[in-house]
Structures are given as structure tokens and as C-alpha cells.
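Please treat every number below as a calculation from the coordinates, not as lab data. Just so you know, these numbers come straight off a predicted model, no measurement behind them. Note that each Cβ is placed from the backbone with ideal geometry, even for glycine, and that neighbours are counted across all protein chains shown.
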Amino acid sequence: MTEPGAGSDLRGMKASARQDGDDWILNGTKHFISHIDIADFAIVFMASGEEDTPRGPKKLITAFFVDKGTPGFTVREGYRNVSHRGYTNGVLEFDNCRLPASQVLGEVHKGFEVANTWLGATRLQVAATSLGRADRALGHAVEYAAEREQFGQKIGKFQGVSFKLADMAMELKAAELLTWEAAWRFDEGNVTEADMSMAKLKATEVLAMVADEAIQIHGGMGLMDDLPLERIWRDARVERIWEGTSEIQRHIISRQLLRAHGG
Ligand SMILES: Cc1cc2nc3c(=O)[nH]c(=O)nc-3n(C[C@H](O)[C@H](O)[C@H](O)COP(=O)(O)OP(=O)(O)OC[C@H]3O[C@@H](n4cnc5c(N)ncnc54)[C@H](O)[C@@H]3O)c2cc1C
């Protein structure tokens, strides 16, 4: 979905698909595309038209399957990422790439419906994996605070340290409960966008806080790669950006609140 000029604002996408007889012709650039180096094909969302709405013209989006090796479709190496160093991303270039209609995924102009069938679930996945790493960081912090001595006593005896542990544990539990509830509602078939956004937002922000505080409790050793904390801390950074930034999650949550009041 993402383009150099269109990230959060997906409908701002410039890459386009136009119909030519029964075929579609794709043009434009996508970037930050996860694992395209090892994929056999891409699922690509393209602007395929425009509709008039009371709030002005709105782009229509269509999803396509595009096999690697299709003429007019080039994959370039992406950027190097500080988080998840084993997680690659790439750039997709489309230059008059011709596809048969059979490679439309879902219905023409209904690409957002396709995306929405899994975007919520991947937000829950981000929440769940963030919680696992936060739990691990908290475990290290508790162990270290119970063992490490300074000024003749365990550092966990200092409220400056123990209160951090209390906040980390409480915030983690709150994030876990939000995630469990959203996942349960997902299974029940009555989850809302806001439920999933709250879980993603809270879990990723708690991971950032817990990872940072766990390093603080370890002092200098926290930054050394002898321990997993520096990696958890680095990897945590992207979780507040991909699958919709924290600001976009807040937008989704507040939109649901306001819409109920005609706002
Ligand atoms: C490692 C990695 C892998 C990725 N993999 C994929 C992938 O496989 N496929 C894919 O399609 N995308 C992928 N993405 C893209 C990811 O979804 C986007 O980076 C993300 O949606 C944000 O878009 P952007 O980076 O263009 O930031 P922008 O949208 O330019 O945002 C910049 C800042 O402005 C803020 N902002 C924007 N709009 C608003 C608003 N309305 N209100 C308040 N604040 C706002 C944002 O929150 C952010 O802080 C990946 C990104 C990364 C980093």
C-alpha cells in the first residue's frame, strides 16, 4: 500500500491502475514493502478511479496480485531499518505493467474492503507480539533489581526503582487485558476498529515504556548486547509506526466516539 508520498493517507496514493480492454495497466512506486525480497508475488493496492462524495472527490482503490518477473514490475532493495534487523523491506516500481483482469484481488474499486479484512487482525498481532517482548523485558528488570546491589542494598529496595517496576507491571497488565478483550471480540465477530486500535496503541506504547525503563534499571549494562534489552528497545520503535502510527490509532478511536454523536 505505502508509497513515498502516501503513508498514513493511503487515499493520497499516486500509483494507479487503468483499464485497457480486459487488462489493467499499473504505474507508480511503492516502498517499505515487507519481505518482498523473498516473496514470489506482491499484493498491490492501486488508485483505479475516483468517486464524488459530499466531502469532495475520493480515490477508488483496487487490489492486484502481481507475480515477480511480470514485465514492467521491478523490485529494488529497500532501506536499512534500526528495528527488526532481520526484517527486510523493498521498493516496487511499476512501469506500464500489464495484468489480466483475473489478477484483481476481490472486486474492482473495493481494495479498501480487501485491506480491512486483515488490517485489524494484524494490529492485534502487533499488540500480542509487543506484549510478549514487554513481559520479557519486565522479567529481566525484576530479576536485576532483586540482585544488583548499590549503596549496600539491593537496588529494588529503592523506591526510585521499585515504583518503576510497579508501573511497568500495571501498564503491561492493562495492555494485556485490552488485547485479550479485542481478540476475544474478534473471535466473537463483534470487534470494532476502535477495540483493535486501542489494543495496538496501548500495547506498543507500553512496550516502548517497559523496554526503556528496563534499560534504565540495568544502568549501562542495559545497553550492551550481552542482554536482549537493547534489541527489544530497538525493535520496539517500529511498533508505534507500522500497521498505522499511534496518531492514526488515536484518530480511529476518536472517530468512532465522535461519529456516534454525529461528529
Ligand atoms: C519496517 C517497515 C515495514 C513496513 N512494511 C509495510 C508493508 O509491507 N506494506 C505497506 O504497505 N506498508 C509498510 N510499511 C509502511 C507503514 O505502514 C508506514 O510507515 C506507516 O503507515 C506510516 O506512514 P509514513 O511512514 O509514510 O508516515 P506519514 O504518514 O508520513 O506520517 C508522518 C507523521 O505524521 C503523522 N500523521 C500523519 N497523518 C496524521 C493525522 N491525520 N493525524 C495526526 N498525525 C498524523 C504520523 O502519525 C507520523 O507521526 C512499513 C513500514 C516500516 C517502517
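The table for this structure:
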read-out: Extreme residue, positive dipole direction of the chain, given options MET196, ALA166, GLN19 (C-beta unit charges); value: ALA166
read-out: Estimated [θ] at 222 nm from DSSP helical runs (n ≥ 4, -39500 (n - 2.57)) normalised by residues in the chain, nearest 500; value: -16000 deg cm²/dmol
read-out: Sum of side-chain charges, ASP40 neighbourhood, beta-carbon under 10 Å (Lys, Arg +1; Asp, Glu -1); value: 0
read-out: For segment 113-259, size of Cβ-based charge dipole, Lys and Arg +1, Asp and Glu -1, in debye; value: 280
read-out: Quotient of Cα Rg and 2.2 N^0.38 Å for segment 10-109, N being how many residues it contains; value: 1.15
read-out: Net charge contributed by nearby residues that have their C-beta within less than 11 Å of GLU50 (K/R +1, D/E -1); value: +1
read-out: Dipole-positive endmost among VAL142, ALA175, GLN216 within the chain (Cβ charges, Cα centre); value: GLN216
read-out: Segment 5-93 - charge dipole about Cα centre, Lys and Arg +1 at Cβ, Asp and Glu -1, debye rounded to 20; value: 480
read-out: 13 Å Cα-Cα reach of LYS157 towards aspartates and glutamates, excluding residues that sit fewer than 8 places from it in its own chain; value: GLU143, GLU147, GLU149
read-out: Area projected by the alpha carbon convex hull of segment 50-186, averaged over all directions, nm²; value: 14.4
